[in-house]
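Below is one structure, written out as structure tokens, with a few remarks after it.
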Amino acid sequence: MTYFVFFLGFSFVLGGLGVASNPSPYYGVVGLVVASVTGCGWLLSLGVSFMSLVLFMVYLGGMLVVFVYSVSLAADPFPEAWDDWRVVGYSLGFVVVLVVGVVVGGFVEGWKLGVETVDGGGMFSVRLDFSGVAMFYSCGVGMFLVAGWGLLLTLFVVLEVVRGLSRGAIRAV
Amino acid sequence: MNPHAMLVSTLSLLLGTTITISSNHWVMAWTGLEINTLAIIPFISEPHHPRAIEATVKYFLVQATASPLLLFSSMSNAWATGQWDITQLTHPTSCILLTIAISMKLGLVPFHFWFPEVLQGSSMTTALLLSTALKLPPITILLMTSHSLNPTLLTIMAISSAALGGWMGLNQTQIRKILAFSSISHMGWMVVIIIYNPNLTLLTFYLYTLMTTTVFLTLSTTKTLKLTTMMTSWTKTPMLTATLMMTLLSLAGLPPLTGFLPKWLIIQELTKREMTLTATIMAMLSLLGLFFYLRLAYYSTITLPPNTTNHMKQWHTNKTTSTPVAILTSLATLLLPLSPMILTTL
């Protein structure tokens, strides 16, 4: 189980690397899917099953689906896959950064990445409580409203920036 | 801009600022900063030309990078100490990360590269907001955590900010870029003293906001965006351009004017802490800024610009009187005799 959770974490970083190596969005989205699925698995290993399912549904079922629809409307005739030399260069660079980070972390911290607690050691943390979400609706309602307003604000800002078909900011030319 | 969108964005700017400056939990501080970042985007992109869009994207990318750094700093501190209090930042990595995150948000060297370009791409009023109102939340966070931060890092960033703000402002002809470098330099002055006397940082920030608001509003009234236009703007409002000269000299930190007060107190505090070399270096580096402030002051009051003999003068096209500009100009130039009272209320 330890190795499986470590594999989840490793795949999360690889998925992020796949997105950051800047291929065309069709292939970058694969990296996003891998990263979010393994991130959900990682959250499961911490014990917060509800958070994991919420992330799965909202991220993959909501945002990724909308992204796929909007991208399919603006198709690219010659997309850069991972065999393009630019993409390979970026991904090699990021692998170097990763290796340096792991080596430095290992030598500096003595291969003790993370803290050792009652529930586990290394990269495992203390299990979080599900009632945190319930508190979000009772005594944390101010934060809830602010967070809700922040998300609504994102929508309003995006709508304002792309207001109008040709007068919008995205079509500046 | 659409009135409803403008209302939503303005209220969200106020909300975000209020949330951050009144927070004691890291997540609320971060939330306020994010709301500010989102809410200013329609303002920067409002002219809808490519330079404005570029400025919007640059601003958003830099702030979006700094916000997760802030979050990462608070999370690693929460991991190590078990609490999310802003004033209890004890883990060393978190302190360094926070300093970097805040300096990205403020535009301190070496994270200042976005600031002149963002200011140049936005309108004068938006540039005013970016230089003053949107600097308040990060300065507040820096003040709340000032006792935990590394003095060496802060002093190095402060001295380099004063240096680069002065040097890079010298070759500029666009006034918004000059004011951007002036802001970088003033941020350097604010940060150099934050560990030793945070009240002086707050005082510098308030007086800097006062003076720079005056300058921006004056320039917005006379609608001058570059030095060449400034040379012929005296005919529009002769009195206002004369007072603009005094305000610019106040920004430069010249003695009988308000802007001298923060520099004086900071140099005094640094000398008290046996940091005379730092104080000397900061004072010498602000001489670089003095050159471009003097140039701006000269161009604002010149009555015989180097044009051809029969150039058309813009003469009183519309009376642009504004009470806030008048009040702010008086405050920005005449507050120095009140410094004992200011000191006692610090």
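Computed from the coordinates by the stated procedures, all read-outs in this text should not be read as laboratory data. Everything quoted here is computed from the prediction, not taken from an experiment. Note: ideal-geometry Cβ built from the backbone for every residue, glycine included; neighbour counts use all protein chains shown.
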Pairs of lysine residues in the protein assembly as shown - Cα separation under 18 Å, sequence separation of 8 or more or cross-chain: 16
C-alpha center-to-center spacing [the stretch B:101-168, the stretch A:46-96] in angstrom: 33 Å
10 Å Cβ neighbours from other chains, averaged over peptide A:154-160: 6
If the convex hull is drawn through the Cα atoms of the stretch B:119-202, its volume per residue in Å³: 83 Å³
Per-residue average of Cβ from other chains inside 10 Å of B:12-18: 2
Residue-by-residue Karplus 3J(HN,Hα) for the stretch A:36-47, coefficients 6.51, -1.76, 1.60, Hz, glycine and proline x: 6, 5, 5, x, 4, x, 5, 4, 4, 5, 7, x
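For the stretch B:1-149, compute Rg over Rh where Rg is the Cα radius of gyration and Rh is the Kirkwood radius from the inverse mean 1/r over Cα pairs.
Working: Rg = 15.4 Å, Rh = 15.5 Å.
Result: Rg/Rh = 0.99.
Going through the stretch B:139-225, which trypsin sites (Lys or Arg not before Pro) have at most 13 other Cβ atoms within 10 Å and a DSSP loop state?
Numbers: sites: B:Arg176, B:Lys177, B:Lys223; in loops: B:Lys223.
Hits after loop and neighbour filter: B:Lys223.
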Shielding by other protein chains, A:143-151, mean Cβ within 10 Å: 4
Long-range HN-HN contacts of A:Val48 with modeled amide H, under 5 Å: A:Leu128
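What are the DSSP H helices in chain B that stretch 24 Å or more along their long axis, judged by alpha-carbon atoms, and whose average Kyte-Doolittle hydropathy comes to at least 1.0?
Qualifying helices: B:3-21, B:26-44, B:151-168, B:175-192, B:276-301.
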For B:Leu61, net neighbour charge (Lys/Arg +1, Asp/Glu -1) across residues whose Cβ lies under 12 Å away: -1
Gaussian network model of chain B, springs between alpha carbon atoms under 10 Å - residue of B:Gln88, B:Gln314, B:Gln174 with greatest fluctuation: B:Gln314
Kirkwood hydrodynamic radius of the stretch B:225-346, Cα pairs, Å: 16.5 Å
For the protein assembly as shown, alpha-carbon Rg and Dmax in angstrom: 25.7, 86
Per-selection metrics, chain B (Cα): Rg and Dmax in Å: 20.2, 74
